[in-house]
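The values are calculated or read from the model by the stated rules, or taken from the named source; none is laboratory data. Predicted model, so just to flag it, every value in this text is computed and none were measured. Cβ: placed from backbone, ideal geometry, glycine included. Neighbour counts: every protein chain shown. All accessible areas refer to the heavy atoms of the entire protein, side chains included, with ligands and DNA or RNA removed. Shrake-Rupley method; radii C 1.70, N 1.55, O 1.52, S 1.80 Å.
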Amino acid sequence: GVIQIDHNHRSACRELTSIILMKNLKRIALIGEDEGYMVTHSRLLGFRDAYEQQGETLDENLLYLSPENRVRVDRTVKEILEQNVDCILCMDDAVTSRVLKVLREQDVRVASFYDSTILENHVPSITSLAFDAKELGKVACRTLLDLVEGLEVKQKTLLPYEVVLKESTK
């Protein structure tokens, strides 16, 4: 019974993961928090959807989803590199930033399921998903005002996203 306005994380993550898979990067490690967060759950579903749609087999051993991964990124990245991955996908920009610090001397592709100013000036530029936070606020405000006025509103509104391909996955 809760009105929800959000970005379409599942579709966005499915699209970005599919693009990476189509670049013949099959062994993708995913780093994020636990599935207790709705956004993590949605992003993971999109990641899994991409593998299924592309007819690829997902190596579950390359999924690093726990709260401690955020804190212990350096150890996690070293473990991932030992598994000869083609790309590291990060659940958000903060994790991506930590991963990039560990990878400075490595030749590994990296992409993020979220873009922000944290990644803005990184060299090489980081492939990521761009969401319009201002639009999210506008739609949420408009929906709230409509509710207050007694108007009918959609139960769930999913806003668009943009896949921003950059140097980090070339």
If you go through VAL153, VAL123, VAL102, the only one that is in contact with a Ser or Thr (Cβ under 7 Å, 6 or more places away or on another chain) and either of a type outside the set (D, E, K, R) or closer than 30 Å to ASN24 by Cβ (or both) is VAL153
Pairs please, first residue from region 78-91 and more than 21 Å from THR40 (Cβ to Cβ), second anywhere and charged (D, E, K, R), Cβ atoms under 8 Å, 6+ apart in sequence or on different chains. GLN83/ARG27; ASN84/ARG27; ASP86/LYS26; ASP86/ARG27; ASP86/ARG109
Does LEU21 fit the bill of being free of Cβ contacts under 8 Å to residues at least 60 places away in the same chain and crowded, with 18+ Cβ neighbours inside 10 Å? yes
Among the residues of region 29-51 satisfying the criterion of being part of a helix (DSSP H, G or I) and open to solvent by 50 Å² or more (accessible area, probe 1.4 Å), which is farthest from THR17 (Cα to Cα)? MET38
Looking only at region 144-163, count every residue that is touching a helix residue (DSSP H, G or I) at 6+ places or on another chain (Cβ under 7 Å) and assigned to a loop (DSSP other than H, G, I, E, B) and tell me the total. 1
Grab the strands (runs of 3 or more DSSP E) fully contained in region 79-141, keeping just those with 2 or more residues being open to solvent by less than 20 Å² (accessible area, probe 1.4 Å) and within 19 Å of ARG48 (Cβ to Cβ). 87-90, 109-112
May I ask you to list pairs of residues, at least six apart or on different chains, whose Cβ atoms are under 7 Å apart, with the first in region 3-16 being open to solvent by less than 40 Å² (accessible area, probe 1.4 Å) and the second being of a type outside the set (Gly, Ala, Ser) and part of a helix (DSSP H, G or I)? ILE5/LEU136; ILE5/VAL139; ILE5/THR143; HIS7/LEU136; HIS9/VAL39; HIS9/ARG43; CYS13/ARG43; CYS13/PHE47
Limited to region 142-170, what total is found for residues that are among the hydrophobic types (A, V, I, L, M, F, W, C) and surrounded by fewer than 13 Cβ atoms within 10 Å (Cβ to Cβ)? 4
Here is a check on your reading of the model: is GLU56 part of a loop (DSSP other than H, G, I, E, B) and either surrounded by fewer than 18 Cβ atoms within 10 Å (Cβ to Cβ) or of a type in the set (Asp, Glu) (or both)? yes
Residue satisfying all of: in region 63-78; part of a helix (DSSP H, G or I) and within 22 Å of ARG10 (Cα to Cα); least open to solvent (accessible area, probe 1.4 Å) among these: ASN69
